[in-house]
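Any read-out appearing in this document is the output of simple, stated calculations on the displayed coordinates, not a laboratory observation. It should be emphasised that the depicted structure is a prediction, and the values quoted were computed from it without experimental measurement. For neighbour counting, all protein chains shown are included, and Cβ atoms are generated from backbone atoms with ideal geometry for every residue, glycine included.
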Amino acid sequence: MATALNPGRTSAPTPEAAPKLRFDARRYLGTPAVRRIKDEVEIELADRAYLPDLNDLKRDWVASVAAPAFRVLARNRATPPRAFASIGTGSGVDALAAIELLGAEIVGITDLFEEVVATAARNVRGNVRPEAGITLHAGAGDLLIPLAPAGVKFDVIYENLPNLPVDDSRKIEADKTSAAFLAPRSEAIPVFITDWLLTMHYLALVQARDALTPDGVVLSTVGARVPLDVLAQMSRAAGLVPRVLTYGWKVQADADDVISTYANWERQGLGPFRFYAADALEAAFANLDPGEAGANAATIEASLAGEQLGAVAAWEAHRSGLRIGHTYVVLQSGLG
């Protein structure tokens, strides 16, 4: 579906019972002023979408990873990106960040579930200033495929997709988010992609290749528990040219569940995955903003070689009380 957001158009009604979140857009995006989205953002919550973490913005993925990457990308480009797409948008806050920080005018959003996309579309419509004149395309389904009927070529395609094994047998349940499910795939996928749990990221790159403008880029945001050269190899395998845009680190959220899951996958022969003591990461990234760290990503990764913990070792260290973290990367992939 495509909607032009103009001053005379009202958004679709929101069910009165739907829970909502309100937050200051400037604080959330780390910017002194906002021009294209509202000062106070109000979003409706969908059951199957991850929500902004307003209590700790350092843990929130859009505030701490996507927004800084958008700022770096905006500085690097000669002309503002006009068309932006988000694969796996969740609440739609990533699209709002792109509208404000990248100046996107044509916006596409997708997610796995219809109700998630419908809610995200309402969130985008309801929080863009009328004078911004945004055109919104939204669809539910497989990665970029729902946006194909619009015929839009995108300057920036953003994805924040999960790391999952291709043979994950879990089924969609009422309480599952999109990030908990990977449907069976028929495409040929390189073995190293599946071994490193990068299937969704790789498929997004493959689909994005034909949806980019000539100087367009894909931003793959990855909790980088895998080596940087593997991520670059993934981009090249999809027929694109990679570079690290931003690089940083996070304390492992939901550590009991996440680290134990990676440890189980590692015991099955996947990986080995990379975790670190949070103190080692804090020292390695001290005084570096994400753009500076991105420019020096290989050097930082090499400096951390002696600090790496496999998932099994990280699980044991976590159980003993050590604060565990991981790096993240925003990988930029283009046509040339």
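Take the chain, connect every pair of alpha-carbon atoms lying under 10 Å apart with a spring to form a Gaussian network, then pick out the residue of Gly248, Gly321, Gly103 with the largest mean-square fluctuation.
Gly321
I want to check the label-to-label distance for Lys153 and Leu335. Put each point 7 Å from Cα in the C-beta direction and report it in nm to one decimal.
Distance between label points: 0.5 nm.
I want the local charge near Gly334. Using Cβ-Cβ distances under 12 Å, sum +1 for each Lys or Arg and -1 for each Asp or Glu among the other residues.
+2
Taking amide H atoms as placed 1.01 Å from N in the peptide plane, list the residues 5 or more away in sequence, or in a different chain, whose amide H sits under 5 Å from that of Arg82.
Asp155
Could you grab the relative contact order for the chain? Cα pairs under 8 Å, six or more apart, rounded to a whole percent.
17 percent.
Using a Gaussian network for the chain with springs between C-alpha atoms less than 10 Å apart, which of these wobbles most: Arg71, Arg48, Arg22?
Arg22
Kindly list the residues of the stretch 246-268 that lie in the label zone of Asn76, defined by a backbone N under 18 Å from the point 7 Å along the Cα-to-C-beta vector.
Correct set: 246-249.
Once both axes come from the Cα atoms, what is the angle between helix 255-267 and the longest principal axis of the chain, in degrees from 0 to 90, rounded to 10?
Tilt relative to the chain: about 60 degrees.
With axes computed from alpha carbons, what is the tilt in degrees of helix 114-127 against the longest principal axis of the chain, rounded to the nearest 10 within 0 to 90?
Once rounded, the angle reads 60 degrees.
Express the relative contact order of the stretch 183-273 as a whole percentage, based on alpha carbon pairs under 8 Å and six or more residues apart in sequence.
Computed over the stretch 183-273, the figure is 31 percent.
Run the numbers on the stretch 207-336 and let me know its relative contact order in percent, using alpha-carbon pairs under 8 Å that are six or more apart.
Normalised by residue count, the contact order of the stretch 207-336 is 49 percent.
Could you work out how far helix 199-208 tilts from the main Cα principal axis of the chain, as a 0 to 90 degree angle to the nearest 10?
Tilt relative to the chain: about 40 degrees.
Just to verify a number: FRET efficiency for Ala313 and Arg35, C-beta to C-beta distance, R0 = 51 Å, to 0.05?
According to the calculation, E is roughly 0.60.
Report the residue, chosen from Glu40, Glu266, Glu187, that carries the largest GNM mean-square fluctuation when the chain is represented by alpha-carbon nodes joined by springs under 10 Å.
Glu187
If you take the beta carbon distance between Leu270 and Thr299 as r and set R0 to 30 Å, what does 1/(1 + (r/R0)^6) give as a FRET efficiency, to the nearest 0.05?
Calculated transfer efficiency: 0.65.
What does the charge count near Gly271 come to, summing +1 for each Lys or Arg and -1 for each Asp or Glu among other residues with Cβ under 11 Å from its Cβ?
Here the count lands on +1.
Hey, what number do you get for the chain at 222 nm if only DSSP H runs of n ≥ 4 count, each worth -39500 (n - 2.57), divided across all residues, to the nearest 500?
-8500 deg cm²/dmol
Between Leu288 and Asp254, with labels modelled 7 Å along Cα→Cβ, what's the label distance in nm to one decimal, could you check?
Those two pseudo-labels are separated by 2.8 nm.
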